[in-house]
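Trainee: One structure, pasted below without further comment.
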Amino acid sequence: MTATAAITVVDLRVVRGDAVVLPGLSCEVEAGSVTGLLGPSGSGKSTFLRAIVGVQKVESGSVDVLGHPAGSAALRSRIGYMTQAPSVYGDLTVGENLVFFARVLDMPEAAVDRVLAEVAMEESRGRLVNRLSGGQRARVSLAAALLAEPDLLVLDEPTVGLDPVLRRDLWELFHRLTERGTTLLVSSHVMDEADRCHALLLLREGTLLAHATPAELRRQTGKENLEDVFLSLIEERT
Amino acid sequence: MSMRITRAVALRVLGQLRRDPRTIALIVGVPCVLMVLLQQLFGRHSPVFQDVGTPMLGLFPFITMFLVTSVTMLRERTSGTLERLMTLPLHKIDIVAGYGVAFAVVAVVQATVVSLLALGLLGLDVAGPNWLVVVLAVANAVLGSTLGLFVSAFAETEFQAVQFMPAVVLPQILLCGLFVARDQMATWLRAISYALPLTYAYDALARTATNDVSDVWFAIDCLVVVGSIALAIALGAATLRRRTA
């Protein structure tokens, strides 16, 4: 274990029904970086992220987050979690949603203005979430995760359905957050987002194919395109 | 338990309800219509309306709040927002208590309107104090909503949640003493009756109707109702799981 690991996972095994979702995953996530969790849909990305935030039943293995076992009460004010499906209230306005989460987190109302600006949703503060597009809903959900200025942000596909300009803006935001020491673990199934990450975890069928920087992966496989990198890693295995 | 978070949850639930005026109209309007039907069916001065009317002031809120709360809580469970809440620094009981407080506020409105209608316009005579009828009707509603919160844990869909109403509520209504007095029930039925919380809620209202409230049994009724509400909140919180499969 290195001194700078924000997350340390050892032999994490998750079984759902009789399906083994994660057969035994080990990895570390470096503090103050953006780590991309990439893999096709159904590869176990969401399950892995849920285990880190402590809402996933795990069969065995250990998950340490910021020096505490995942799910500890001490971690709850230090982790921001954005679920894959936007977990905000559809029958409330954007502002009402964020004010609610700010109250629960004991944050001042100024925090609501801050996160609305961060996700570029100031204009929509008074709109009902049910009336928003999928991408806008996702940004409200992301804004709620940013409220407490957490040390660790766990984001499950935060950029799905967003237009390229917004996606670029959000990735810039993620990098700004690392400058103030935040660790980000971001899942995606879009390979072109991989280049924006400091480190990549490539997951397939619950197994970690690689854990390296984008540059290292290119060198290792001799491929330029990250899609091809992924393919050649799978071929190596089989 | 945190007052701040309980309050935040209660305000949020009320904010969501405010966006759904049709549900509010149904919550308040349906018991009123049923009371009018009851009075018209038996007649203003009939012993049936006069005997059954007061307990009904508690039963209608009990049923509607049970339904509304169990479906609302189920929505929270299935929409993913509960999963987010579980990662936040709050206690599970804060969520359940927040829901309880929000629906208690709705219950106050509902029970007050229905009681005013029955005691005023419909001419229901209550020997005991009228304010006590309103308080007990609210207690019935809160009991219904906390039971609904608890039961929602066992439903996976809204369809199932609705089915819990006949399963959990109707036996309590049948056995509470309204249809057959408890001392005339078969022993085993009486034993079940004494184990069900609605029996005590019904008995308290029936005693208020006949101004039988200085009796020690009235105090016991009230204690059991309050205890059942607290127990249902605790069980409701216990059935919320931070970790799910």
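Trainee: Using +1 at the C-beta of Lys and Arg and -1 at the C-beta of Asp and Glu, which of B:Ala206, B:Asn140, A:Ser33 has the Cα lying farthest in the positive direction of the dipole of the protein assembly as shown?
Mentor: Working it through, the farthest residue towards the positive pole turns out to be B:Ala206.
Trainee: Let's see if you can work this out: charge +1 on each Lys and Arg Cβ, -1 on each Asp and Glu Cβ, no other charges. What is the dipole magnitude of chain A about its Cα centre, in debye to the nearest 20?
Mentor: 380 debye
Trainee: Mind computing the radius of gyration and Dmax over the alpha-carbon atoms of the protein assembly as shown? Å is fine for both.
Mentor: Reported Rg and Dmax, both Å: 27.4, 93.
Trainee: Under 26 Å Cα-Cα from A:Lys45, which lysines qualify once same-chain neighbours fewer than 8 residues away are excluded?
Mentor: Cross-link targets: A:Lys57, A:Lys223.
Trainee: For peptide B:89-96, compute the average count of partner chain beta-carbon atoms within 10 Å of each residue's beta-carbon.
Mentor: Shielding by partners across B:89-96 averages 2.
Trainee: Given +1 on the Cβ of Lys and Arg, -1 on the Cβ of Asp and Glu, and no further charges, what dipole in debye does the protein assembly as shown carry about its Cα centre, rounded to the nearest 20?
Mentor: Dipole about the Cα centre, nearest 20: 640 debye.
Trainee: Provide the three semi-axes, in whole Å and in decreasing order, of the ellipsoid equivalent to the stretch A:79-149 as defined by the square roots of 5 times the Cα gyration tensor eigenvalues.
Mentor: Over the Cα atoms of the stretch A:79-149, the ellipsoid semi-axes are 16, 13, 11 Å.
Trainee: I'd like the orientation of helix B:3-18 relative to chain B: the angle between its Cα long axis and the longest Cα principal axis, in ° from 0 to 90, rounded to 10.
Mentor: Its long axis makes an angle of about 70 degrees.
Trainee: Let me confirm one metric for peptide B:11-17, namely the mean number of other chain beta-carbon atoms within 10 Å of its residues' beta-carbons.
Mentor: Taking the mean over all residues of the peptide, I get 4.
Trainee: May I pose another question? Could you state the principal axis extents of the C-alpha atoms in chain A, from the largest down, to the nearest angstrom?
Mentor: Largest to smallest, the principal-axis extents are 53, 37, 37 Å.
Trainee: I need the calculated FRET efficiency for the pair B:Leu26 and A:Val15, taking r as the beta carbon distance and R₀ as 35 Å, to the nearest 0.05.
Mentor: With R0 = 35 Å, the Cβ-Cβ based efficiency is 0.20.
Trainee: While we're here: Residue separation times 0.36 nm, minus the C-alpha to C-alpha distance between B:Leu14 and B:Gln184: what's the value?
Mentor: Full extension from B:Leu14 to B:Gln184 adds 56.9 nm.
Trainee: So for the stretch A:79-149, taking the charge dipole from beta-carbon charges (+1 Lys/Arg, -1 Asp/Glu), which of A:Val112, A:Leu132, A:Val88 sits furthest toward the positive end?
Mentor: A:Leu132
Trainee: Using the Cα atoms of the stretch B:1-93, I'd like the radius of gyration and the largest Cα-Cα distance, Dmax, both in angstrom.
Mentor: Spelled out, the Cα radius of gyration and Dmax of the stretch B:1-93 are 18.4, 57 Å.
Trainee: Between 0 and 90 degrees, rounded to the nearest ten: what's the tilt of helix A:94-105 against the longest Cα principal axis of chain A?
Mentor: 70 degrees
Trainee: I'd like the Kirkwood hydrodynamic radius of chain B, using the inverse of the mean 1/r over distinct C-alpha pairs, in Å.
Mentor: 18.5 Å
Trainee: Return the distance in nm (one decimal) between the two label points of a simple spin-label model at B:Asn211 and A:Asp163, each offset 7 Å from Cα along Cα→Cβ.
Mentor: 7.4 nm
Trainee: Pop a pseudo-label 7 angstrom from the Cα along the beta-carbon direction at both B:Trp131 and B:Phe159 and give the gap in nm to one decimal.
Mentor: 4.9 nm
Trainee: How big is the dipole moment of chain B about its Cα centre under a simple scheme where the beta carbon of each Lys and Arg is +1, that of each Asp and Glu is -1, and everything else is neutral? Debye, nearest 20, please.
Mentor: Once rounded to the nearest 20, the dipole reads 980 debye.
Every number in this text was worked out from the coordinates using simple rules, so none of it is lab data. This is a predicted model, so every value here is computed, not measured. Because the Cβ atoms are built from the backbone with ideal geometry, glycine has one as well, and the counts that use them run over all protein chains shown.
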